[in-house]
Amino acid sequence: MKLMTDGRKLLLAGVALTACLGFALNAQAQTCTTGNWFDVEGSPAVGKQDGDNRRYGGPCGMRVQVDGTPRYVADDSPGDEATYILRFYVFLDEAATNDPIVLFAADNDSGDTVYDASDNQIEMIYDADDSSGGSIMLSVREQDGTTWQSTSVPDVGSGWHSIEVSWARDSSTDTILNVDGGSDVQLSADTTGIGIENAFLGVLNSVGSTGFIDFDDFDSRRQERPGRLCRGLTVPETERAALDLEDVNKIFDEFASGGSRPVGGQPDYNEDGAVDLDDVNTVFSRFAGGNEDCDLNR
């Protein structure tokens, strides 16, 4: 999700409808906010990169406590959508629980943006205790209302993860799950007659006691998968689609300032949750080695 001015919601009308709902910076107060979202439950925290927050792109991200209380943001911009495509970034290293965590869900309840698992049509779960070393599981409800189809990506490892899903209302179209830009995994489900009305992001179930999860860069749309962002790029990709010495200098400045001067874009090149000299040196190496094109750095 591109992080935008407080209260701004980017909605492009028509079949290519897109919603980029940010954990954005309030231009006047220079504080982070969830004001772009339709509803907020359980007081998830938003802020800049510091000891109490972590972000992937732009100045702000969302930290959600994993403490037994559901905490999430809700988007009501879908409206009986026949296609729904989403991507977000999530940092799971500090979740501090082996219980399955519902990270994302989408429902078909047009009258309510309070999360109710019984309405879910799409569900995303992180299971740290999976025997494969931690997995991301996608489940889709079929049109009969009771049958679920699932697929998963195992051994996701540490650091920031990009999670992308492409769903459609159809009797035979596959739903696609992609984690970290790897190979697509697919499931087949009969979703005839189902429309997506609301989306929820955060910790949706009552789980854990002392952990937290960081979220950023949520992007939902009805056409064309968003893919991964360009690591190390500190300006919009529409402005420049390759790494440059400008990025090296900006990332170093954020590091040298102790995070008090956060840069735009995606400065955490190695996606380990911290903007530091490793990111500075790696971006310089990619630029100096002729590997600066964004398509080589996703």
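The table below gives the values:
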{"read-out": "From the options 147, 83, 175, residue that is hydroxyl-bearing (Ser, Thr, Tyr) and either loosely packed, with under 15 Cβ neighbours inside 10 Å or in contact with a Pro (Cβ under 6 Å, 6 or more places away or on another chain) (or both)", "value": "147"}
{"read-out": "Residue list for region 235-253, filter: surrounded by 24 or more Cβ atoms within 10 Å (Cβ to Cβ) and either assigned to a loop (DSSP other than H, G, I, E, B) or without any contact (Cβ under 8 Å) to a residue 40 or more places away in the chain (or both)", "value": "243, 251"}
{"read-out": "Residue among 174, 184, 253, 155 that alone is within 19 Å of residue 94 (Cβ to Cβ) and either assigned by TED's automatic domain parsing to the domain that holds residue 277 or of a type outside the set (Val, Ile, Thr) (or both)", "value": "155"}
{"read-out": "Among (1) at pLDDT 95 or above; (2) surrounded by 19 or more Cβ atoms within 10 Å (Cβ to Cβ), the one test that residue 262 misses", "value": "(1)"}
{"read-out": "Subset of region 254-289 [part of a loop (DSSP other than H, G, I, E, B) and over 23 Å from residue 32 (Cβ atoms)]", "value": "270, 289"}
{"read-out": "Residues that are among the aliphatic types (A, V, I, L, M) and buried (at least 21 other Cβ atoms within 10 Å of the Cβ), drawn from region 123-144", "value": "124, 136, 138, 140"}
{"read-out": "Test: residue in region 267-274 that is buried (at least 18 other Cβ atoms within 10 Å of the Cβ) and farther than 24 Å from residue 93 by Cβ", "value": "no"}
{"read-out": "Per-region count, region 152-171, residues surrounded by fewer than 18 Cβ atoms within 10 Å (Cβ to Cβ) and either farther than 18 Å from residue 196 by Cβ or touching a His at 6+ places or on another chain (Cβ under 6 Å) (or both)", "value": "5"}
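The values are calculated or read from the model by the stated rules, or taken from the named source; none is laboratory data. Treat the numbers as computed from the prediction; the structure is a model and nothing was measured. Because the Cβ atoms are built from the backbone with ideal geometry, glycine has one as well, and the counts that use them run over all protein chains shown.
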